[in-house]
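Here's the structure, in structure tokens; my notes come after.
The values are calculated or read from the model by the stated rules, or taken from the named source; none is laboratory data. All values derive from a computational prediction rather than experimental measurement. Cβ placement follows ideal geometry from the backbone for every residue including glycine, while neighbour counts extend to all protein chains displayed. For the accessible areas, the whole protein counts, side chains as well, though only heavy atoms, and no ligand, DNA or RNA atoms are used. Shrake-Rupley method; radii C 1.70, N 1.55, O 1.52, S 1.80 Å.
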Amino acid sequence: MIFYFSGTGNSAWVARQLAEGQREELLSIAEEINENKEYTLKAGEKIGFVFPVYAWGPPKIVLRFIHQLRMSKPGYLFFVCTCGDDTGRTAQVLSAAVRQKGWKCAAGYSVTMPNTYVSLPGFDVDPKDIEDQKVQNARARLQFINEELARGVQMKRFNCHEGAVPFTKTYLLRPLFNAFLMSPKPFHATDACIACKKCEKACPVHNIKVTDRPAWGTNCTQCLACYHVCPVHAVQYGKATGTKGQYRRFL
């Protein structure tokens, strides 16, 4: 059983490769989180979590889902996180959430995927050639991960690209990001909006309603699916995204 969260589609694509390789059921965290149900594990069934790295940590929705998850103790549990560059201490944050359940994370990996974060100066999508190369490399990476998971590998150290100063990024910068840069209020649609409702359909947590223009609620994960899926680049985040690119490979 593999639980995944995805906004722009990178993690959903990774989760599908893993579910196929491990012959496991695939479930969306965004859809399952409000079901309040108990999950029954079959003999030998693996539990996996697949998610993007947001500000060098797991998205809040993923941690909240793990906290409320009801099932018997998994025999084998793993995670795979996707990132544009590096993960910081994402693995340690996820592993700590799992330990609070009395469970153990046996294996963890990162997979480098095309960049999607554009909401701050200095951040933009990758050029097309780099995007293509990242996806090509990810295919090989996922083959390696599937082979290791099939063997039931037990790790002493998670296989994640932490990058430089990972402690600072995750434990000092991430709380600031979550406190001050997660608000949906800067989202707006310009006069170019055609009310096609693609942003509404793309939002994984159903936080957008479109009448003449899209309106954002308060339950935003900052996944930016609404921004990237807009066919006329009308969805903007403050003044930061007007000249930025869009990423639609898996949307």
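Please give the helices (runs of 4 or more DSSP H) falling wholly within segment 1-118 in which 3 or more residues are buried (at least 23 other Cβ atoms within 10 Å of the Cβ).
Correct list: 10-22, 90-99.
Do you know which residues across segment 89-106 are of a type in the set (D, E, K, R) and either touching a helix residue (DSSP H, G or I) at 6+ places or on another chain (Cβ under 6 Å) or within 15 Å of Tyr171 (Cα to Cα) (or both)?
Selection gives Arg89 alone.
Yes/no per residue for (1) open to solvent by 30 Å² or more (accessible area, probe 1.4 Å); (2) part of a loop (DSSP other than H, G, I, E, B); (3) at pLDDT 95 or above:
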{"position": "Gly122", "(1), (2), (3)": "yes, yes, no"}
{"position": "Ile130", "(1), (2), (3)": "yes, no, yes"}
{"position": "Arg139", "(1), (2), (3)": "yes, no, yes"}
{"position": "Ile145", "(1), (2), (3)": "no, no, yes"}
{"position": "Leu149", "(1), (2), (3)": "no, no, yes"}
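Among what's in segment 164-194 and is in contact with a strand residue (DSSP E or B) (Cβ under 9 Å, 6 or more places away or on another chain) and open to solvent by less than 40 Å² (accessible area, probe 1.4 Å), pick the residue that is farthest from Thr112 (Cα to Cα).
By that ranking, first place goes to Cys193.
Could you please give the count of residues in segment 119-158 that are of a type in the set (S, T, N, Q) and closer than 27 Å to Gln236 by Cβ?
Result for segment 119-158: 1.
State which residue is nearest to Leu251 (Cα to Cα) when the search covers only segment 182-216 and only residues that are within 25 Å of the chain's Cα centre (by Cα) and among the aliphatic types (A, V, I, L, M).
Here the residue is Ala202.
Would you mind finding the one in Pro59, Pro114 that is out of contact with any strand residue (DSSP E or B) (no Cβ under 7 Å at 6 or more places or on another chain) and closer than 30 Å to Arg248 by Cα?
Checking each option against the conditions leaves just Pro114.
Is segment 189-205 home to any residue that is acidic (Asp, Glu) and farther than 19 Å from Ser11 by Cβ?
The answer is yes; a qualifying residue exists.
Taking into account only those residues within segment 166-195 that are of a type in the set (Ser, Thr, Tyr) and not in a loop (DSSP other than H, G, I, E, B), which is farthest from Ala91 (Cα to Cα)?
Thr168
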